[in-house]
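Everything on this sheet refers to the single structure shown next.
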Amino acid sequence: MSGFQQTRNWFGLVAVFVIAVGVGFWILSPEKTLPIIQPSDLNPALVDPNQWGGTRHQVLPFELVNQLGDTVTEVDVEGRVRVVDFFFTRCATLCPIMTSNMKLVQDALHDREEWMLMSHSVTPEADSVPLLWEYANRYEADSRQWWFLTGPKKHIYNLARQSYFVCYDETQGGDGGWQDFIHTENIVLVDRQGRLRGFYDGTDLDSVNQLIEDALWLIEKKD
């Protein structure tokens, strides 16, 4: 056998090996999935008893005001992947960390389409539109894709407890006491259909990186 034939055969064997390895990897690597989270999948303490048996949960309709002073509703985010958290501008503990990490999410998604970050003030009586505007600018928020939201306190708390399930009915406040005050590190990933797809610790960088990966997957998959 000539040297040329031996070389050709060797390259052929290498090519077959590479293809086989690739096919095997594809077969053995499961396709990425994200759960569609229902109330029954969660800690019962987080879920209103009337919602416990639900199997088709979607986030509730809302009407709030963003940092631009615009009234926005669920219609304005229809068809978008959403990343949702709760904060207040005077918070000096969890919120600065969470908002900085939300900025990382914004930066990671900036060249994609059809997504929205939604940060809800849990002290809406104190967080006026001008304060939200100033706070948003501090974190270089793009108002086209990151809203800081205010509105009636009852409405925001109902969204937190009955739409996103991010806190207990009684939630520990910033002073360490138990009171009607939402102070949660949870960030929620919501798909285009308004379904819950993931919960993440907004103060933990590894968890936030997982959120970014999952959000990008939802955006690209158009699921």
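The values are calculated or read from the model by the stated rules, or taken from the named source; none is laboratory data. Given the structure is predicted, the values throughout are model-derived calculations rather than measurements. Glycine gets a Cβ as well: all are built from the backbone with ideal geometry, and neighbour counts include every protein chain shown.
One table, with the values for the structure above:
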| quantity | calculated |
| --- | --- |
| Residue list for the range 88-116, restricted to those being touching a helix residue (DSSP H, G or I) at 6+ places or on another chain (Cβ under 6 Å) and free of Cβ contacts under 8 Å to residues at least 60 places away in the same chain | Thr89, Met116 |
| Flag if Thr55 is in the same structural domain as Glu114 (by TED's automatic domain parsing), at pLDDT 90 or above and among the polar types (S, T, N, Q) | no |
| Of all residues making up the range 90-115, the number that are touching a Lys or Arg at 6+ places or on another chain (Cβ under 9 Å) and surrounded by 18 or more Cβ atoms within 10 Å (Cβ to Cβ) | 2 |
| Any hit, the range 123-140, residues being under 22 Å from Phe199 (Cα atoms) and either of a type in the set (A, V, I, L, M, F, W, C) or modelled with pLDDT of 95 or more (or both) | no |
| Only one of Leu104, Leu64 that is part of a strand (DSSP E or B) and either closer than 15 Å to Phe165 by Cβ or modelled with pLDDT of 95 or more (or both) | Leu64 |
| Which numbered condition Glu134 misses (of (1) surrounded by fewer than 16 Cβ atoms within 10 Å (Cβ to Cβ); (2) without any contact (Cβ under 8 Å) to a residue 60 or more places away in the chain; (3) not in a helix (DSSP H, G or I)) | (3) |
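Yes/no matrix, rows are residues, columns are (1) within 15 Å of the chain's Cα centre (by Cα); (2) of a type outside the set (S, T, N, Q); (3) not in a helix (DSSP H, G or I):
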site: Arg56; (1), (2), (3): no, yes, yes
site: Leu60; (1), (2), (3): no, yes, yes
site: Ser100; (1), (2), (3): yes, no, no
site: Ala108; (1), (2), (3): yes, yes, no
